[in-house]
1. What's the local net charge at A35, with K and R +1, D and E -1, over the other residues with C-beta under 9 Å away?
2. For the peptides 8-15, 141-148, what is the packing order when you average, over each peptide's residues, the other Cβ atoms within 10 Å and list the highest mean first?
3. Can you tell me how much longer the chain between Q111 and R42 gets when fully stretched, taken as 0.36 nm per residue apart minus their C-alpha distance, in nm with one decimal?
4. For a protection proxy built on the mean count of beta-carbon atoms within 10 angstrom, sort 23-33, 43-53 highest first, please.
5. Whenever you get a sec, line up H18, H157, H75, H89 from highest to lowest accessible area (probe 1.4 Å, protein heavy atoms).
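The values are calculated or read from the model by the stated rules, or taken from the named source; none is laboratory data. This is a predicted model, so every value here is computed, not measured. Reconstructed Cβ throughout: ideal geometry from the backbone, glycine too, with neighbour counts over all protein chains shown. Ligands, DNA and RNA are stripped out before the accessible areas are found, and what is left, the full protein with its side chains, is counted by its heavy atoms. Shrake-Rupley method; radii C 1.70, N 1.55, O 1.52, S 1.80 Å.
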Amino acid sequence: MQVIRPLVPIEASSMREHFLRLRDEDRYLRFGGPAREGMVDRYLAGIDWTHSIRLGCFLDATLRGLAELVRSGEHAAELALTVEAPFQHRGIASDLLRRVLVLARNRGVRQIISYCLADNQNMRGLVRKFTGRIEFDGANAAAHFSTGVANPLSFWHESVQSANGLVGSLAQQLIGRGQAAAGGSEPAPKPIS
């Protein structure tokens, strides 16, 4: 089951585990250079949760994709997206970006920029899909996305997304408890043949 919902500060450990599960090259693309455990820990310790939004994509209650949106000006924000290798090319980055665009729009952000390496094909694909634009500067690039203006429909869309995330999280917790209980002292029921 896929659930996309906002992260809260107590979930920094889930972010850490997610970053450390990324392939070295994906972590390099995310942080713009080699990122070992110590760098990831320093990054997480420095997060200002009050001026940022983090959306996580949970698959079977494990964080597998992450969108981080940090305000960089009155109407601008910077975006970083990561998806673990086994789960790439399944639409997770697109789902995260689609939701980030709505959240940003409803908070007065008009432009989102994502700095990346010029050879980051996944980001270039998102730029094409979401009619953004990309500027190249040697080995580096900047992807730009416009959010549009908030309206009643965008606020409704955000509320539906929030409700879906909440219901999905509760369902994942209940499923996890049910599986833990089935794995306890009593054997799982056998199917009728």
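1. Computed value for this residue: +1.
2. Ranking, from highest mean packing down: 141-148, 8-15.
3. Length gained between Q111 and R42: 22.1 nm.
4. Highest to lowest by the protection proxy: 23-33, 43-53.
5. If we order H18, H157, H75, H89 from most to least accessible, we get H89, H75, H157, H18.
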